[in-house]
1. With a cut-off of 8 Å between alpha carbons and a minimum separation of six or more residues, what is the relative contact order of chain A in percent?
2. How shielded is A:184-193 by partner chains, expressed as the average number of their Cβ atoms within 10 Å of its Cβ atoms?
3. Determine how many Å³ per residue the convex hull of the Cα atoms of the protein assembly as shown encloses.
4. Considering the dipole of chain B built from charges on the beta carbon (Lys and Arg +1, Asp and Glu -1) around the Cα centre, which of B:G545, B:G173, B:S95 is farthest to its positive end?
5. Post the alpha-carbon centroid distance, the stretch A:147-172 to the stretch B:215-236, in whole angstrom.
6. For peptide B:179-188, what's the mean number of Cβ atoms from other chains within 10 Å of each residue's Cβ?
7. Take each of the peptides B:496-508, B:78-90, average the number of other beta-carbon atoms within 10 Å over its residues, and list them starting from the highest.
8. Once you place label points 7 Å from the Cα toward the Cβ at A:M203 and A:A38, how far apart are they in nm?
Amino acid sequence: MSRKSFPYKPSGGDLRDLEQPGYYAGYSTLAQKKHWEAATRELVTHRVDKTPSTIRFFSQEEADVLTAIIDRLMPQDDRASMRTISVLPVIDERLFTNSLNGFRYEDMPSDREAYRLGINAINEMALSRFDQSFIGLPVHRQELILKSLHDGKPDPEHPTWQRMPVHRFWALLMEDCVTAYYSHPWAWDEIGFGGPAYPRGYMRLEHGLPEPWEKDEQRYEWNAPADSLSELDEEGAPPEHSSLHGHGGTH
Amino acid sequence: MPHRLGPMQTLPSPMQRFADSDPVDYCIVGAGSAGGVLAQRLARAGFRVVALEAGPFWDTEKDWVSDEKGSHELYWNDLRITGGTHPLALGSNNSGKGVGGGSVHWAAFTPRLHPSDFRVYTQDGVGADWPISYWDLKPYYELLERELPVAGPAWFPWGDPHGHPYGPHPLGGVGDVLVRGCTKLGLRSVAGGPVGILSASHGDRPHCIYRGFCLQGCKVGAKASTLITHVPDAIRHGAEIRAHAMVARINLRNDGRVDGVVYIDREGKEHFQRARAVIVSAYSIETPRLLLNSACTGHRHGLANSSGTVGKYLMAQAGNVVAGRFDQLIRLYKAPPAHALTEEFYETDKSRDFARGFAVQTVGPLPVAFAKQMVAAMGAWGWGLRRVMMDYNHWAAFGVLGEILPWQDNCVELAEEKDQYGLQVAKVTFNLHDNDKKLIEFAKNKVMEIMSAAGAKHVVQEARFAHLVGAARMGNDPSTSVVDKFGRTHDIPNLFVCDGSILPTQGSANPGLTIQALAARTADYLIKQGENIFFSNRRDLSEPGIRYDLSPPYTHFRGNPRIA
């Protein structure tokens with residue numbers, strides 16, 4: 001689904017059509033699946049092999065806009081098309097089954113309504129600022145609009161953000177995106193995460209040492225597209241989001 | 001395949017089944033941290049006990065996975081409304097559903113409260129005093145530390161210094177960072193516990209394998225949850241644990257005593273379970289919600305609420321997460337997330353401008369949780385997020401665990417909206433007050449300093465909250481509290497509350513061990529009182545004396561070894 005139209009100028013060499021981005025070349029969590037217990041093996045392989053293909057919650061138009069948004073929030077232009085991780089179908093599935101995270105902020109509508117309102121607002125912002133639908137915009141202009149939401153200063157203004165706090169919508173959207181992406185074993189390979197490890201467990205706990213079946217890090221210069229607005233701003237203070245959507249307790 | 005509780009235990013069969021019309025002695029609402037311990041104790045003492053649990057009865061081999069996203073069902077995911085100036089994230093953050101409750105997904109840190117925690121008002125002029133002292137609870141801490149059992153350092157230097165029955169776990173990468181940072185700053189630290197995680201096999205439970213999925217339900221069976229520590233023993237002694245039973249309201253008779261609860265089964269059918277006494281152990285949101293939803297003639301503002309404090313004084317702990325990036329690899333997913341800590345800042349320090357303090361603990365976010373933290377802490381998105389996540393193995397993370405004081409305006413009320421059972425959902429309001437804000441600011445900066453001292457090149461933090469307690473607090477004064485020091489409601493002689501909601505203050509210790517210790521103490525009281533609970537309205541507040549003969553098998557140790 002991912003649109004490969006990004007002006008891609010990596011200074012570390014050509015980083016497109018990669019089977020496996022990241023610093024752990026040749027590492028595969030899925031290759032270890034015979035060492036996992038049955039319930040986990042079934043769940044994770046199902047996630048890889050059986051991505052839901054029919055969109056049931058969003059309309060086709062909403063799905064198209066949201067796909068373009070997700071392509072900027074969770075860009076995968078560096079990944080080979082056969083190794084792209086599905087994000088939209090996972091969000092659609094959650095909303096279709098109305099699977100909640102256990103709470104709703106009092107100043108927010110339901111998750112379902114929040115998505116409908118947010119997608120519509122982003123598209124109308126594109127029309128009012130650039131006279132073009134969000135999907136039709138060049139990547140840089142799409143990023144300008146999304147960056148304004150990220151910064152909590154929607155540009156242009158849109159009445160939806162009077163009804164729904166923009167930072168909460170942003171958090172909802174980002175959390176759903178990262179949940180879909182980083183629960184996929186190809187993303188575990190990308191970041192060098194050990195993945196499921198029951199019943200075998202780990203034996204090298206200290207000094208970041210790899211298990212015999214893990215790989216050591218092999219770093220190289222990795223650069224995001226030079227003109228991307230979503231590169232980390234190391235100096236800039238992050239916006240104070242305070243506690244977000246369901247995080248998973250950490251302690 | 002038999003129903004498994006960990007890889008080596010199976011669900012005792014057959015389990016006692018009580019008819020709805022059969023008046024049991026005790027109906028316990030919620031089979032979590034407190035409910036599991038209560039059911040086990042009361043069943044051993046010969047009472048007829050049924051625990052009604054809203055969620056499923058987990059078969060750990062079939063239902064649990066080594067996967068973040070796949071563990072969604074462990075949490076209380078039904079709708080709640082959250083608001084206030086600092087709204088609490090609920091769901092996976094702090095609320096369990098299913099037999100074992102929150103103990104299924106806790107990280108299993110088991111520090112005790114300090115003696116000072118029981119006298120906060122007397123010592124600091126803020127918060128509240130408890131109706132009991134640390135010394136009343138100490139024997140129960142020791143008992144539960146053996147029953148979980150707890151692995152940890154031989155010498156825990158803070159509060160009332162103590163040792164632990166099982167030896168500490170080997171050091172993981174994040175624990176190493178915490179010890180290093182603290183040592184650099186001259187702060188004492190401990191590692192390898194105290195945690196309710198086995199460092200050696202115990203009875204029919206294997207030792208930890210360091211795979212890092214504590215918060216996703218420990219399939220290994222090494223991490224203590226009442227599902228595997230107390231519930232099997234409860235069933236073996238005749239208790240019934242009835243899953244998929246959502247209690248809608250408690251029924252009050254004309255004579256001012258309760259006689260059972262209305263619950264809804266998984267088909268949506270309503271039942272009335274008769275009981276001679278009811279114990280609500282549904283935790284800090286569902287306990288007050290049930291009491292409020294049980295309002296009836298003569299109790300228009302909810303059961304046991306003549307004081308107006310049901311739902312009030314809800315607490316969560318400051319749980320800011322501080323993450324630091326190191327040049328060398330850490331691999332923070334290995335070893336239990338709960339691993340090392342320091343309580344050097346736990347007590348009130350007159351040189352600071354706030355009362356009470358905080359602990360610093362390791363956390364071990366797996367990829368999805370870590371990505372969410374980077375979204376919040378760094379404002380990461382798009383390519384920046386992809387880049388920072390590629391460095392996942394270079395990061396370590398600590399959690400602040402800070403004491404937020406009990407405030408009347410932090411509360412659980414009923415919202416207009418209804419859930420799938422047609423019951424009004426909880427509305428949770430949470431506001432930070434001046435002392436809380438100063439404490440958080442200081443704690444956050446101190447933890448960032450520890451992370452930097454350990455050698456982190458880049459340190460970021462995210463504001464969040466951890467745990468829940470309060471909202472049905474205990475006290476001596478019936479006009480300012482809901483229950484007495486044994487969990488008996490001031491208003492209704494055979495209605496009890498026993499869970500985290502009865503805590504008057506929370507200290508800077510993870511609440512799980514304290515909740516279970518209080519449950520064992522309440523059980524001893526009920527057993528001592530015997531039939532009086534079912535007939536008499538007289539309130540006997542004499543101490544019951546601790547029973548050492550009611551522990552589950554394999555947990556009869558003589559004491560907790562310590563280097564004194």
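1. That works out to 34 percent.
2. Averaged over the peptide's residues, the number is 5.
3. In the protein assembly as shown, the Cα convex hull volume per residue is 147 Å³.
4. It is B:G173.
5. 44 Å
6. 0
7. The densest-packed peptide leads the list: B:496-508, B:78-90.
8. 2.7 nm
Each reported figure results from applying straightforward, stated rules to the coordinates on display, with no laboratory input. As the structure is a prediction and not an experimental result, all values here were calculated from the model. Don't worry about glycine lacking a Cβ; one is built from the backbone with ideal geometry, like all the others, and counts go over all protein chains shown.
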